[in-house]
Amino acid sequence: MGCRKRAAKRELLRVTAGSDAEGRPAVVPDPTATAPGRGAHLHPTQECYDLAVRRKAFGRALRISGSPGLPSTPVAEHLSHACPP
């Protein structure tokens, strides 16, 4: 979704539309790929995430109408814990 390069599904991080810790709508990580609903995949790297945010790809990939600026902070937090600098 971010860099648009192909990879095996097991190498990618699935994200879905959900809610953050405060209950507001947000893009959330689904590392186990078990959450219901439409999902999108991106490489679990900060670069790929940054590209997806810059291109506003989350709203399009998850087909969320009216929310092109849906926050993706939970995904950024997941990547910072999973891939420390």
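Per-structure values
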| read-out | value |
| --- | --- |
| Qualifying positions in segment 41-68 - open to solvent by less than 70 Å² (accessible area, probe 1.4 Å) and at pLDDT below 85 | Ile64, Ser67 |
| Options Leu12, Leu42, Leu51: the member that is among the aliphatic types (A, V, I, L, M) and without any contact (Cβ under 8 Å) to a residue 40 or more places away in the chain | Leu12 |
| Members of segment 27-40 that are outside any loop (DSSP other than H, G, I, E, B) and either open to solvent by 50 Å² or more (accessible area, probe 1.4 Å) or in contact with a Lys or Arg (Cβ under 6 Å, 6 or more places away or on another chain) (or both) | Gly39 |
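The values are calculated or read from the model by the stated rules, or taken from the named source; none is laboratory data. Computed from a predicted structure; not experimentally measured. Neighbour counts run over all protein chains shown; Cβ positions are idealised from the backbone, glycine included. The area values use the complete protein model at the heavy-atom level, side chains included, leaving out ligands, DNA and RNA. Shrake-Rupley method; radii C 1.70, N 1.55, O 1.52, S 1.80 Å.
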